1. Write out, first by first residue and then by second, each pair whose Cβ atoms fall under 7 Å of each other, whose residues are 6+ apart or on separate chains, and whose first residue, in region 31-44, is among the charged types (D, E, K, R) while the second is surrounded by 13 or more Cβ atoms within 10 Å (Cβ to Cβ) and assigned to a helix (DSSP H, G or I).
2. Does region 21-35 contain any residue that is more than 24 Å from residue 90 (Cβ to Cβ), assigned to a helix (DSSP H, G or I) and of a type in the set (A, V, I, L, M)?
3. In this structure, does residue 235 turn out to be closer than 20 Å to residue 298 by Cα, touching a residue at least 40 places away in the same chain (Cβ under 8 Å) and touching a Pro at 6+ places or on another chain (Cβ under 7 Å)?
4. Might you check whether a residue that is touching a Ser or Thr at 6+ places or on another chain (Cβ under 7 Å), in a strand (DSSP E or B) and within 21 Å of residue 318 (Cα to Cα) occurs anywhere in region 73-86?
5. Just give me the residues in region 161-203 being closer than 23 Å to residue 224 by Cβ and of a type in the set (Ser, Thr, Tyr), in sequence order.
6. Could you grab me the full set of residues in region 238-255 that are of a type outside the set (Lys, Arg) and surrounded by fewer than 18 Cβ atoms within 10 Å (Cβ to Cβ)?
7. Quick one: residue 135 ticks every box in (1) surrounded by fewer than 19 Cβ atoms within 10 Å (Cβ to Cβ); (2) touching a strand residue (DSSP E or B) at 6+ places or on another chain (Cβ under 6 Å); (3) closer than 25 Å to residue 247 by Cβ bar one, so which box is it?
8. Got a sec? Which of 265, 250, 313 is among the hydroxyl-bearing types (Ser, Thr, Tyr) and not assigned by TED's automatic domain parsing to the domain that holds residue 213?
Amino acid sequence: MKIGSQLLYLSRKDIESLQLQMNEVINVLEEAFIEKAENRIELPPKTGIRPQNNDAFINAMLCSIPKFNAAGVKWVAAYPQNKRRNLPQITGLIILNCPETGLPLAIMEGSLLTAIRTGAVTGLSAKYLAKKDSSIASIIGCGVQASTQLEALLATTPDLQLIKTYDINSEALELFSRKMQERFGVNIESTNSAKEAVLDSDIIITAGPILKKPQPTIEASWLKEGCFGAPIDYDSYWHKCALESAEHIYVDDTTQFEYYRSLGYFQDVPPVFGDLSQLISGKIPGRSNEKQRLIAINLGLALEDIVVASRVYQMAINKGVGQMLEI
């Protein structure tokens, strides 16, 4: 590959063929968050547009991480209404540049990596915040993100014995439950309500659509003592009382979280205790006893996308995967 005259294009099929392992992604992100804790990365806030003036958005997410010799941007769109059009709700592209010259190295499909890194960050959060003997988890919202959420949970909380699932779409619920049981061999129970899924769960993941004006479902009285919650749909599924029942709220980046609060999201979320980089680096404590309810609200960072994309790029170069394009 001649840098400057060509770049590598990786389709979703190309990325799938590389068989990126979830454990590897989690380990790489753990290193990346330590770099963040030591202020050794450049991570400007997300910037975005809202062409439809509704819950849909298109964001630009940039990051430079010297330790990984990586720099780039993800251009990602989230359109909840696409579900009605039989189109993907999340789409995107990732562009990597050479940190030394600024020249483009690669462009790759971004929605698959978004799902992988989102699951990995939940798994990483669970590693530090879930009870070590967690045996029951619930996943509410059985769309694209749900499978990588489960994969990451199984990688970091190996004592899970039962996964309870729920989705307002009964067909999506049954399809997801069947496929995941076949893929992972774990016991999966489809439930008839969000309440049935949440009750007795040690870990609760909500993966519904992101809404600025949510209609929350989960009540504090449903939450088991000592549970860990991971809303990847902002706070769309959680009542104020449920959020307030947590002893600590963690996020992946405090500045970003507070910015989104200023836009009208997270109005019922209590003050944040700290971020994931502080937790992983030991600058703030994680779980101190088995009775604490803890919640991690990870909004997604370019840090995660660019580190994982950089790893994918190296794998593709080594294996000769992808298509070279003339610039």
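The values are calculated or read from the model by the stated rules, or taken from the named source; none is laboratory data. Computed from a predicted structure; not experimentally measured. Cβ: placed from backbone, ideal geometry, glycine included. Neighbour counts: every protein chain shown.
1. Hits for this filter: 35/67; 36/277; 36/303; 40/67.
2. yes
3. Against the criterion (closer than 20 Å to residue 298 by Cα, touching a residue at least 40 places away in the same chain (Cβ under 8 Å) and touching a Pro at 6+ places or on another chain (Cβ under 7 Å)), residue 235 qualifies.
4. no
5. 165, 166, 177, 190, 191, 193, 201
6. 241, 244, 247, 254, 255
7. Condition (2) is where residue 135 drops out.
8. From the options 265, 250, 313, the qualifying one is 313.
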